[in-house]
Amino acid sequence: MCAHVLVAEDDAKQAKVISLYLESEGHTVVVVHDGRAALDQARRRRPDLLVLDVMMPVVDGLDVCRVLRAESDLPILMLTARTTEADLLLGLDLGADDYMTKPYSPRELMARIRTLLRRGRLAAPAPGRTEDPEVLRVGPLTVDRRGHVVGLSGREIYCTPGEFEVLSVLAAQPDRVFTRRQLLAQAHGSDQFITERTIDAHVLNLRKKLEPDPRRPVHLVTVFGIGYKLTDGSGASPGARHRAR
C-alpha cells in the first residue's frame, strides 16, 4: 500500500523522523514547514494522507484542517503538544480523522497512518465496477457504502471516513440502539487507538450535517443511558428518553 503523504511539521527533526519511517514502508513523502505551504502543496498535488502539526507558523494546523476539510475528504492525522480532551475534540470537530499528542511513538504513528490509508482504500470505489452500488436508505438519508457517498433529501453530505463508518453501522440497522462500545467495535474493528469519546465526537459532527436542529436531533438520536440509534425522522420529536448531548 504505497501512498503519497504530505507532512506539515515545523520541527525539522520531527519531520525527518516521520519521513524516514514513511519512506521505509514504501511511501513517497513531501515535507513542508508552515501552514500556507501545506495548503498550497495539498491543492497542487492531492496527497493520500496529511500528517499535520497543530502549532505551525503563518497558518496554524487547525486553520489548515478547517480549510482543507471544506474542500475535500483528504484523510488528516493531527499532531500536537496540546493534551486536553477539549483540544482533541476540537481537532475532530474541525474534521481531523485522527489525533496524536506529543511526544508519541513513531511506531504508533505508523500504525495509525496504516489504519487511515487502509480505510481510504476500502472506501474508494473499485475501478471498473458496473453493478448498482450498495445503498442503505433511512427516510431521506442514503448511505452508499461502495461509493462512500452520503445523501440527504437529494443533496450530498460530506463525511470524514470515521463519521462515514459510524453512520454506515447505524444505517444498516435503523432504529436499533447501539452502545458506544458496539459502534466502536463495528466501525473501527480492532483499531485500539480509537476511543468511545471519538464515537461521541463523530455523532456530534454528524448531527451538525444531518439534523435540521442539531440540538434537537430527530435522525441520529441518543437513547439516554445506552447509546445511539438512527431513525427515519418520521416519529415524534425525541422526548425524555432521547436526549442530545
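The values are calculated or read from the model by the stated rules, or taken from the named source; none is laboratory data. All values reported here derive from a predicted model rather than from experimental measurement. In this analysis, Cβ positions are derived from the backbone assuming ideal geometry, glycine residues included, and neighbour counts consider all displayed protein chains.
Overview of results
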{"quantity": "Checking residue 190 against (1) part of a loop (DSSP other than H, G, I, E, B); (2) at pLDDT 90 or above; (3) among the hydroxyl-bearing types (Ser, Thr, Tyr), the condition it does not meet", "calculated": "(2)"}
{"quantity": "Restricting region 146-172 to residues that are buried (at least 19 other Cβ atoms within 10 Å of the Cβ) and among the charged types (D, E, K, R), the residue that is farthest from residue 202 (Cα to Cα)", "calculated": "165"}
{"quantity": "Where residue 109 falls short, out of the listed (1) outside any loop (DSSP other than H, G, I, E, B); (2) modelled with pLDDT under 85", "calculated": "(2)"}
{"quantity": "Conditions (1) surrounded by 13 or more Cβ atoms within 10 Å (Cβ to Cβ); (2) in a loop (DSSP other than H, G, I, E, B); (3) at pLDDT 85 or above; number of the one not met by residue 95", "calculated": "(3)"}
{"quantity": "Test set (1) surrounded by 12 or more Cβ atoms within 10 Å (Cβ to Cβ); (2) closer than 20 Å to residue 153 by Cα; (3) at pLDDT below 90; (4) polar (S, T, N, Q) - residue 237 fails condition number", "calculated": "(1)"}
{"quantity": "Residue match in region 32-48 (condition: within 15 Å of the chain's Cα centre (by Cα) and surrounded by 17 or more Cβ atoms within 10 Å (Cβ to Cβ))", "calculated": "yes"}
{"quantity": "Top-ranked residue of region 71-92 - restricted to ones that are outside any loop (DSSP other than H, G, I, E, B) and β-branched (Val, Ile, Thr), ranked as modelled with the lowest pLDDT", "calculated": "80"}
{"quantity": "Conditions (1) in contact (Cβ under 8 Å) with a residue 60 or more places away in the chain; (2) under 21 Å from the mean Cα position of the chain (by Cα); (3) in a helix (DSSP H, G or I); number of the one not met by residue 68", "calculated": "(1)"}
{"quantity": "Breaking point among (1) at pLDDT 90 or above; (2) in contact with a Pro (Cβ under 9 Å, 6 or more places away or on another chain); (3) of a type in the set (Gly, Ala, Ser), for residue 3", "calculated": "(1)"}
